[in-house]
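The values are calculated or read from the model by the stated rules, or taken from the named source; none is laboratory data. Remember, it's a predicted structure, so these values are computed and weren't measured experimentally. We place every Cβ from the backbone using ideal geometry, glycine too, and count neighbours over all the protein chains shown. These accessible areas exclude ligands, DNA and RNA; they are computed on the full protein's heavy atoms, side chains included. Shrake-Rupley method; radii C 1.70, N 1.55, O 1.52, S 1.80 Å.
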Amino acid sequence: MLIEALEAYFAQVADLLVRGNVLLFEEPGNPKRFVVPDLFVVRGVPKAPLRESCFAWREGKYPDFILELLSERTAARDRTEEWVLYER
């Protein structure tokens with residue numbers, strides 16, 4: 001619902017990508033370096049085409065905003081490994 005709400009809010013902004021729950025690859029040539037943020041926003045990147053996976057280096061930048069919802073199952077990793085990656 002958050003993704004849909006942000007997509008609707010930014011519907012008239014052509015160069016703002018809102019995605020979530022898709023593979024976000026961090027490093028060229030390294031398929032093991034990825035995360036799956038619950039939601040992320042990238043300004044300056046066109047919405048189309050719809051991406052089933054995102055490659056930060058192809059977009060020319062990393063997300064400007066990442067939202068990670070914690071659950072008991074993922075909280076430890078979200079607070080450690082993913083936090084470090086997102087902060088970097």
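Considering only beta bridges that DSSP places wholly inside the chain, some 75 percent are antiparallel. Values of log10 I(q)/I(0) for segment 47-88 across q = 0.16, 0.23 Å⁻¹ run -0.55, -0.90, by the Debye formula with one identical scatterer at each alpha carbon and no solvent. With the cut-off at 1.5 for a/c, could you classify the chain from its C-alpha gyration tensor as rounded, prolate or oblate? Note, shape of the chain comes out oblate. Once you reduce segment 45-80 and segment 6-28 to the center of their Cα atoms, the two points are 8 Å from each other. For Leu39, the accessible surface of its heavy atoms amounts to roughly 0 Å² (probe 1.4 Å, protein chains only, rounded to the nearest 10). Every helix of 4 or more DSSP H residues in the chain counts as -39500 (n - 2.57), and over all residues that averages to -6000 deg cm²/dmol at 222 nm.
Using θ = phi - 60° in the Karplus curve 6.51 cos²θ - 1.76 cosθ + 1.60, the 3J(HN,Hα) couplings for segment 15-31 round to 10, 9, 9, 10, 9, x, 6, 10, 5, 10, 7, 9, 10, x, x, 10, x Hz; x is entered for Gly and Pro. Full extension of the chain between Glu59 and Lys32 gives 7.9 nm of extra length, using 0.36 nm per residue less the Cα-Cα distance. By definition, a body whose alpha carbon gyration tensor gives a ≥ b ≥ c is oblate when a/c is 1.5 or more and a/b is not larger than b/c, and segment 1-42 fits this oblate description.
In segment 18-88, which GluC sites (Glu not before Pro) fall in coil by DSSP and have 13 or fewer other Cβ atoms within 10 Å? Hits after loop and neighbour filter: Glu52, Glu72.
Applying a DSSP loop filter and a limit of 16 other Cβ atoms within 10 Å to the chymotrypsin sites (Phe, Trp or Tyr not before Pro) in the chain leaves Phe10.
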